[in-house]
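Asks: Below is the structure I would like to discuss, written out as structure tokens.
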Amino acid sequence: MDTLTHSLLGALAVRTAFPEKDSTCPFTDRQRLFAGAFAGAFPDIDYLASFIDPMIYLTLWHRGITHSFVMLPLWALLAGFTLALVFRQRHEWHFLSLLAGVALLTHIASDLITVYGTQVFAPLSGWRASIGTTFVIDPWFTLIVITGFVAGLKSASNRLPAATLAILLAYLLLQGGLKHHALSIAQDHADSHDKAAIRVVALPQPFSPFNWKVIVETDDDYLIGYMDLLSGSEYDSDQSGFWTKVRNTYRSPDHMDWDRQLKFGTPGIQSRHIEALWLNPQLNYFRRFAELPVLYRIDQYTGKTCVWFTDLRYVLPYLTPPFRYGLCRDGQDTAWTLDRLK
């Protein structure tokens, strides 16, 4: 989830749970909103690590210890003490730490619903938890949160903020039901075509909770479909505009196109060579990150070759994938080196 939404959600949760009128602590509703917003955004401080090593940040540090239930008490105390200094109420650090803890919980929870994966038990475990019902930037999710935040800012009552949180929960349950439906459609397709599926995946998509990307994985390839569970759109032959491309991507399940994508190219000597490159130790961190790895492309320049890989979770027909890593070398006799396609 984007940091702004995290911040507003933390503020909304704190404003709802700890309204000024029901508390003896000397903080106004606006101060409580600020405290929640600060703590709600705090875990994304891990972004600073990207300036040290983008690869390790992406695959190891991001959504790590700052997003962990294990470390949450420490971060709550740190945020609480900081807020106590900001508000010049040092003796209220315990109350502010409680507020911060609630906001931190909302941050972790709203990252859990995306597909990236969150290390909720770091540093004890690097396992990444993911529910995968919500796209990382969801305008409807954010709109609901903003509505509740503004209501909490304008009114002393906490009824509207509480109501928006209830609506947000209902929206997430809707997304969960839609994901289950998308998975059943993909599984039915795999069964009807006798595909020996290793797994079937449904991934939330941008702009609408009804847009889903489904993937049927086999040993050598992926079957990929983009569906609109609401109605689907009629195909528009004019591909010149961005929004036209988006509309043409998501079709009704009955009229959906299924594309086959080989994991490492056409089976043969070259694909075995590409798979061997994928297993190169220099890509260890990216392999750990990429749940649906695939060959992105092969670039050949004068005397230089680069083999790029990406993760199908982040591939959309109308956008350039954000995560593209690979190996390059300047000649047949030189060693492969890790690189990123920017």
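The values are calculated or read from the model by the stated rules, or taken from the named source; none is laboratory data. Computed from a prediction, not measured in an experiment: that's the story for all the values here. Note: ideal-geometry Cβ built from the backbone for every residue, glycine included; neighbour counts use all protein chains shown.
To keep it simple, each residue is scored yes or no on (1) under 19 Å from L341 (Cβ atoms); (2) in contact with a strand residue (DSSP E or B) (Cβ under 8 Å, 6 or more places away or on another chain); (3) among the small types (G, A, S).
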position: Y250; (1), (2), (3): no, yes, no
position: D257; (1), (2), (3): no, yes, no
position: I269; (1), (2), (3): no, no, no
position: I274; (1), (2), (3): yes, yes, no
position: L277; (1), (2), (3): yes, yes, no
position: Q282; (1), (2), (3): yes, yes, no
position: F289; (1), (2), (3): yes, yes, no
position: P293; (1), (2), (3): yes, yes, no
position: Y301; (1), (2), (3): yes, no, no
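Asks: So, in the stretch 157-210, of the ones that are among the hydroxyl-bearing types (S, T, Y) and out of contact with any Leu (no Cβ under 9 Å at 6 or more places or on another chain), which residue ends up surrounded by the most Cβ atoms within 10 Å (Cβ to Cβ)?
Replies: From the stretch 157-210, those among the hydroxyl-bearing types (S, T, Y) are 157, 164, 171, 184, 192, 208; that's our starting set.
Then drop every residue that is not out of contact with any Leu (no Cβ under 9 Å at 6 or more places or on another chain), which leaves 157, 171, 184, 192.
Values: S157: 12, Y171: 18, S184: 14, S192: 8.
The extreme case among them is Y171.
Asks: Of Y222, Y250, Y235, Y226, which residue is at pLDDT below 90 and either of a type outside the set (A, V, I, L, M, F, W, C) or surrounded by fewer than 20 Cβ atoms within 10 Å (Cβ to Cβ) (or both)? Let's see the steps before the verdict.
Replies: Values: Y222 fails: at pLDDT below 90; Y250 fails: at pLDDT below 90; Y226 fails: at pLDDT below 90.
Every option except Y235 fails the conditions.
Asks: Determine whether A84 is assigned to a helix (DSSP H, G or I), closer than 21 Å to S7 by Cβ and in contact (Cβ under 8 Å) with a residue 24 or more places away in the chain. Steps first, answer last, please.
Replies: Values: assigned to a helix (DSSP H, G or I): yes; closer than 21 Å to S7 by Cβ: yes; in contact (Cβ under 8 Å) with a residue 24 or more places away in the chain: no.
So A84 does not fit the description; no.
Asks: What are the residues in the stretch 48-67 that are assigned to a helix (DSSP H, G or I) and in contact (Cβ under 8 Å) with a residue 40 or more places away in the chain, if any? Outline the logic, then answer.
Replies: Our first condition is that a residue be assigned to a helix (DSSP H, G or I); within the stretch 48-67, this holds for 48-51, 54-61, 65-67.
Scanning the stretch 48-67 gives P54, M55, I56, L58, T59, L60, I65, H67.
Asks: Please report, ordered by residue number, the helices (runs of 4 or more DSSP H) entirely within the stretch 231-314 with at least 3 residues that are among the hydrophobic types (A, V, I, L, M, F, W, C) and either within 25 Å of the chain's Cα centre (by Cα) or within 18 Å of V216 (Cβ to Cβ) (or both). It would help to see each step written out before you state the result.
Replies: Details: elements: 242-249, 269-278, 284-289.
By residue number, 242-249.
Asks: Tell me, please, whether a residue that is free of Cβ contacts under 8 Å to residues at least 40 places away in the same chain, of a type in the set (A, V, I, L, M), in a helix (DSSP H, G or I) and buried (at least 19 other Cβ atoms within 10 Å of the Cβ) can be found in the stretch 112-124. Even if it seems obvious, please write down each step before you answer.
Replies: Of the residues in the stretch 112-124, the ones free of Cβ contacts under 8 Å to residues at least 40 places away in the same chain are 112.
With of a type in the set (A, V, I, L, M) added as a condition, the list becomes 112.
With the extra rule that they be in a helix (DSSP H, G or I), the set shrinks to 112.
Remaining after also requiring buried (at least 19 other Cβ atoms within 10 Å of the Cβ): 112.
Looking for residues that are free of Cβ contacts under 8 Å to residues at least 40 places away in the same chain, of a type in the set (A, V, I, L, M), in a helix (DSSP H, G or I) and buried (at least 19 other Cβ atoms within 10 Å of the Cβ), one finds at least one in the stretch 112-124, hence yes.
Asks: One residue is enough: does the stretch 42-60 have a residue meeting the conditions more than 17 Å from the chain's Cα centre (by Cα) and among the hydroxyl-bearing types (S, T, Y)?
Replies: no
Asks: Right, something else. Under 9 Å by Cβ, and 6 or more places apart or on different chains, what pairs join a residue from the stretch 173-193 that is in a helix (DSSP H, G or I) with one that is of a type in the set (F, W, Y) and surrounded by fewer than 16 Cβ atoms within 10 Å (Cβ to Cβ)?
Replies: H189/W258
Asks: Within the stretch 24-52, how many residues turn out to be over 18 Å from A76 (Cα atoms) and at pLDDT 95 or above?
Replies: 0
Asks: Between residues in the stretch 143-172 that are in the same structural domain as P209 (by TED's automatic domain parsing) and residues that are assigned to a helix (DSSP H, G or I), which pairs lie under 9 Å by C-beta distance while being six or more apart or on different chains?
Replies: Final answer for the pair search is none.
Asks: Could you tell me which numbered condition S157 fails, if it satisfies all but one of (1) out of contact with any His (no Cβ under 9 Å at 6 or more places or on another chain); (2) outside any helix (DSSP H, G or I); (3) among the small types (G, A, S); (4) under 30 Å from L58 (Cβ atoms)?
Replies: Result: S157 passes all but (4).
Asks: Still on this structure, please answer the following. For residues in the stretch 26-41 being farther than 17 Å from P161 by Cβ and in a helix (DSSP H, G or I), which is farthest from the chain's Cα centre (by Cα)? Even if it seems obvious, please write down each step before you answer.
Replies: First, the residues of the stretch 26-41 that are farther than 17 Å from P161 by Cβ: 26, 38, 41.
Now drop any that are not in a helix (DSSP H, G or I), which leaves 38, 41.
Numbers: F38: 21, A41: 15 Å.
Filtering first and then ranking leaves F38.
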